[in-house]
Amino acid sequence: MNKIAGALLCFCGSLSFIHAQESKPLITLDEFMNATEVRSARLAPDGQAAVIWTNAPDWAHDRFRDDLWLWQQKTGVTAQITQSGYDSSPAWSPDGKYIAFISSRALADEENKDDDKDSTERVWLIPAAGGEAFPLYTEKLDVHAFAWSADGTKIFFSVEQPLTKAQEDAHQEEWKDVIRWREQERGDVLLAIPVQAAVAEIQKTPAPKTSAKKQDEESPLPKLAQVIAKNDREITEVAVTPRQIAFETETVSHRMEGPEAAEIYLVSTSGGDAKQLTHNEAVESGLRWSPDGKRLYFNVRADAGSLEGKYQDVQGRLYVIDPVSGKIDRLGADFKGSFEEYTVGEDGSVIAAGLTGTQQQLYKIDGSKAEELKGTAGTYSGIDAAKQAHKFIVLHSTITDPTQAFVADEPSHLEQARAVTNFNTLFHNRAQPEWTTYRWKSDDGTEVEGVLIYPPGKKDAKHLRMLTLIHGGPADADGNRFGADWYDWATLAAANGWLVFRPNYRGSSGYGDDFMLQIAPHLVSVPGKDILAGVDALVKDGIADPDHLTIGGYSYGGYMTNWLITQTSRFKAAVTGAGAVEHAANWGNDDETYDDAWYLSGTPWEKPELYQSEAALFQFNKVKTPTHLVGGNADVRVSFLEDVLMERAFQQIHVPHAFLAFPGEGHGLDKNPWHGYIKVREELKWLDKYVNQ
């Protein structure tokens, strides 16, 4: 009797959920694409306030807005503090009085221009207590990275080594508009500007213009700037102690032709020759000093090589280096997942966000050990600890809960964390999809996992029309996290009646190094078998309707989509974007050349058979699937010419297709929100059109 009562309660509970979902309207395309993204949150040194960076579409002006918000514990209110829409990457001063940030907003004397945007990205400051923002300098120098000095009196920042006007004129006279490939590249200079002197300078009446001759001869650097260091690479990160500055470099062109361009350097805060601290085959990032300034922490992302020997794409890892001895230790080595982000607390504790399977939780790192902190299911990211208090801020989301920033008094009390933002509340007023993990075995017996997202009210329904939506990377994984944009539109597809299958094929992170490494050198064929085996299993289980299958993906998800439509004609429609159809020209044209060659175990002339056998183009005669194709015409991550090549192949074999090219867009489609909107709108229409034929 008790078992029957329990079953009835469960059944009634399920009915209540279904009725609740049916009583709410489905989310529309307009609502979905209007979501605000929370990019980061940073705690004030005393933990009493936080600055939050958001990105949101500005439909009227055909652009995305970057804005800063301030939460204050004393009021409990989070309010917008910048209005230009061009403000990003905030950092607190050590005394908590100022927030520095990067902005391309127009200077005061340029406000009569038609646009409120300048072409230069400078460091700006705004008083945390209220007041107008002001630039640290006015020269046309794009900042690449910046950091406050330990005492807050200076800001260190990197810019490209500038030319005097005379040098620029001489170059123009000799070369006109000719680009001297590689030869004209210039590295960075690391500068320091005293903050109070900059405040005083900006408040002065503009000085009279100097003569043309003097302009030709004078330094193009800000007159208050002190040169700290120079490097023939771009300086992309800066971390500061009272006596030392650590900085990370990368190529000026941002093209990864070898890992040697990305290394950590050390220089005195007073300036001088920089010492190269690391020599490895990885791309370091996330530089942070220990509170005592004696150890330097950094991480290596899941797609950024390895410190342990030759370059390979293993999972994200954490390291600490002793700058004196150069000794490097790996942290949390016992953890089998992928460390994505981390922070260092005021007591020296290290807390990291670790991905395992479909969940990303927080872990306390102690040597090689990683202790999971008790939190809420879903995805934690963007963690930041206060410098002078035992508090931290972290972002959290689930598939159905939009990303918010949460403040907690200490990591061990995650359940007591309080939300300090409230973005995208509309999603809770719309019918929510349900989801579950799904596991199957690939053709060689390897166990693979993915996510199934059901249309609202359709959990456990059978014979559903299914969209296999493949994540990019490949060093990534789909899981329990919120997504609402042109790239992550799975829940919108579910609201439009699709069962969405998101496979974490071999090559995905969060499942161990061995699982991740099995993608090489069979870049598409091995993960392709994983995905098709998952589709087969879902059909066999009666979940997916074999007559209503579709497929899609962007970036590496586009690679896989392009490949899989050459392997089977079972998909009624495909939507693909920014995915290569061959690897030789793409190796030469994209910005991750070295990584491409690693995946295929060599260059095109070293491994021509793999470059051909793993390319969709050479099997395009087998394609029957109507395919919708998109790409940004300024994309260098996956060359736009790959999209053009693919469209020409479709035209040649007379397969129904459509091709949308987005002007001025790179790989991320982050210039104009209408491009992403139209992409998703047309992809949904394409799937509906062909799945019902």
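The values are calculated or read from the model by the stated rules, or taken from the named source; none is laboratory data. Small disclaimer: the values here were computed from a predicted structure and weren't measured. Note: ideal-geometry Cβ built from the backbone for every residue, glycine included; neighbour counts use all protein chains shown.
In segment 43-91, which residue that is under 21 Å from Thr343 (Cβ atoms) and in contact with an Asp or Glu (Cβ under 6 Å, 6 or more places away or on another chain) is surrounded by the most Cβ atoms within 10 Å (Cβ to Cβ)?
Leu43
If you scan segment 143-191, which residues turn out to be surrounded by 12 or more Cβ atoms within 10 Å (Cβ to Cβ), part of a loop (DSSP other than H, G, I, E, B) and of a type outside the set (D, E, K, R)?
Correct list: Ser149, Ala150, Gly152, Thr153, Gln161, Pro162, Leu163, Thr164, Gly187.
Can you find a residue that is within 29 Å of Gln184 (Cβ to Cβ) and not in a strand (DSSP E or B) anywhere in segment 231-241?
So the first thing to find is which residues in segment 231-241 are within 29 Å of Gln184 (Cβ to Cβ), and the list is 231-238.
Narrowing further to those that are not in a strand (DSSP E or B): 232-233.
Yes, segment 231-241 contains a residue that is within 29 Å of Gln184 (Cβ to Cβ) and not in a strand (DSSP E or B).
Taking the conditions exactly as written (closer than 25 Å to Ala198 by Cα, crowded, with 20+ Cβ neighbours inside 10 Å and among the β-branched types (Val, Ile, Thr)), does Val38 satisfy them or not?
On the way: closer than 25 Å to Ala198 by Cα: no; crowded, with 20+ Cβ neighbours inside 10 Å: yes; among the β-branched types (Val, Ile, Thr): yes.
For Val38, the condition - closer than 25 Å to Ala198 by Cα, crowded, with 20+ Cβ neighbours inside 10 Å and among the β-branched types (Val, Ile, Thr) - is not met.
Sort out which residues of segment 638-669 are assigned to a loop (DSSP other than H, G, I, E, B) and surrounded by fewer than 17 Cβ atoms within 10 Å (Cβ to Cβ), and write them in order of number.
Step one: filter segment 638-669 for residues assigned to a loop (DSSP other than H, G, I, E, B), giving 638-639, 654-656, 663-669.
Residues satisfying the conditions are His654, Val655, Pro656, Pro663, Gly664, Gly668.
For segment 20-91, list the strands (runs of 3 or more DSSP E) that sit wholly inside it and hold at least 2 residues that are at pLDDT 95 or above and in contact with a Ser or Thr (Cβ under 7 Å, 6 or more places away or on another chain); which are they? Show your work before the answer.
Values: elements: 37-43, 49-58, 63-72, 77-80.
Where strands (runs of 3 or more DSSP E) fall fully within segment 20-91 and carry at least 2 residues being at pLDDT 95 or above and in contact with a Ser or Thr (Cβ under 7 Å, 6 or more places away or on another chain), they are 37-43, 49-58, 63-72.
Select, from Glu665, Glu609, the only residue that is more than 17 Å from Gly557 (Cα to Cα) and more than 27 Å from the chain's Cα centre (by Cα).
Details: Glu665 fails: more than 27 Å from the chain's Cα centre (by Cα).
The match here is Glu609.
How many residues, within segment 216-243, are among the polar types (S, T, N, Q) and closer than 19 Å to Gln196 by Cα? Reasoning before the result, please.
Going residue by residue through segment 216-243, those that are among the polar types (S, T, N, Q) are 219, 226, 231, 236, 241.
Cutting the leftovers down to closer than 19 Å to Gln196 by Cα gives us 226.
Looking only at that region, the number is 1.
May I ask you to say which residue of Arg105, Arg122 is surrounded by 21 or more Cβ atoms within 10 Å (Cβ to Cβ) and in contact with a Phe, Trp or Tyr (Cβ under 6 Å, 6 or more places away or on another chain)?
Arg105
Give Thr403, Thr398, Thr421, Thr379 a once-over and let me know the one that is surrounded by fewer than 20 Cβ atoms within 10 Å (Cβ to Cβ), of a type in the set (Val, Ile, Thr) and under 24 Å from the mean Cα position of the chain (by Cα). Talk me through it step by step, then tell me what you get.
Values: Thr403 fails: surrounded by fewer than 20 Cβ atoms within 10 Å (Cβ to Cβ); Thr421 fails: surrounded by fewer than 20 Cβ atoms within 10 Å (Cβ to Cβ); Thr379 fails: surrounded by fewer than 20 Cβ atoms within 10 Å (Cβ to Cβ).
None of the others qualify; the one that does is Thr398.
Give the residues of segment 653-676 that are on the phi > 0 side of the Ramachandran plot and touching a helix residue (DSSP H, G or I) at 6+ places or on another chain (Cβ under 8 Å), sorted by residue number.
Just the residues of segment 653-676 that are on the phi > 0 side of the Ramachandran plot, to begin with: 654, 664, 669.
Matches in segment 653-676: Leu669 only.
For segment 402-438, which residues satisfy the criterion of being in contact with a Phe, Trp or Tyr (Cβ under 6 Å, 6 or more places away or on another chain) and closer than 30 Å to Gly457 by Cβ?
Listed by number, the residues that qualify are Pro402, Thr403, Ala419, Pro433, Glu434.
In segment 222-273, how many are crowded, with 20+ Cβ neighbours inside 10 Å, free of Cβ contacts under 8 Å to residues at least 60 places away in the same chain and farther than 18 Å from Glu284 by Cα?
1
Only one of (1) in contact with a Gly (Cβ under 9 Å, 6 or more places away or on another chain); (2) of a type in the set (Gly, Ala, Ser); (3) under 19 Å from Glu683 (Cβ atoms) fails for Ser508. Which number is that?
With (1) in contact with a Gly (Cβ under 9 Å, 6 or more places away or on another chain); (2) of a type in the set (Gly, Ala, Ser); (3) under 19 Å from Glu683 (Cβ atoms) applied to Ser508, the lone miss is (3).
Tyr505: at pLDDT 95 or above and either under 23 Å from Val38 (Cα atoms) or touching a Pro at 6+ places or on another chain (Cβ under 8 Å) (or both), yes or no? Before you say what the answer is, go through the steps one by one.
Values: at pLDDT 95 or above: yes; either under 23 Å from Val38 (Cα atoms) or touching a Pro at 6+ places or on another chain (Cβ under 8 Å) (or both): yes.
For Tyr505, the condition - at pLDDT 95 or above and either under 23 Å from Val38 (Cα atoms) or touching a Pro at 6+ places or on another chain (Cβ under 8 Å) (or both) - is met.
Do you know which residues across segment 447-456 are in contact with a Phe, Trp or Tyr (Cβ under 8 Å, 6 or more places away or on another chain) and crowded, with 17+ Cβ neighbours inside 10 Å? Don't jump to the end; show me each part of the working.
First, pick out the residues of segment 447-456 that are in contact with a Phe, Trp or Tyr (Cβ under 8 Å, 6 or more places away or on another chain): 447-455.
Answer for segment 447-456, where residues must be in contact with a Phe, Trp or Tyr (Cβ under 8 Å, 6 or more places away or on another chain) and crowded, with 17+ Cβ neighbours inside 10 Å: Val448, Glu449, Gly450, Val451, Leu452, Ile453, Tyr454, Pro455.
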